[in-house]
Amino acid sequence: MLEKIKMLGISLVALTLFVSTSVWAASSHQGLVVEAGKGKLTMTSMTGDNQHTHDVAADAKITCEGQPCKLDSLGPGDVITVTLDQKDGKPVVTEIQKTKGGMRPPMGS
């Protein structure tokens, strides 16, 4: 009986780790385009600070207002949501969604 409880406990821990690793693998954030092209995306937060650059996967899914588009279709000030995932141990953009206005922070934030 004790052996069955141990096996159940180990199985639950393994399942929890497997599921949580899958959830943690991808993350998304929203911001403004500074520059995009040649496999790179430079962006800021929605308030225009925290400028940073991401590598963009060659097979990244990129949409502009719901329609497929290319990385170099994005221009300065465009509101985007990017999804990052790990490829070869490095974070890389796997999806970019350009929206008309996106969610803007409340005034005074």
Inter-residue pairs, beta-carbon under 9 Å, first touching a residue at least 60 places away in the same chain (Cβ under 8 Å) and more than 12 Å from HIS54 (Cβ to Cβ) and in the stretch 74-89, second among the aliphatic types (A, V, I, L, M) and in a loop (DSSP other than H, G, I, E, B), 6+ apart: GLN86/ALA26
Which is under 16 Å from LYS100 (Cα atoms) and of a type in the set (Ser, Thr, Tyr), of THR81, THR47, THR42, THR53? THR81
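Read-outs throughout are calculated quantities, based only on the coordinates presented, and are distinct from any laboratory measurement. The structure displayed is predicted, hence computed values, not measured ones. Glycine gets a Cβ as well: all are built from the backbone with ideal geometry, and neighbour counts include every protein chain shown.
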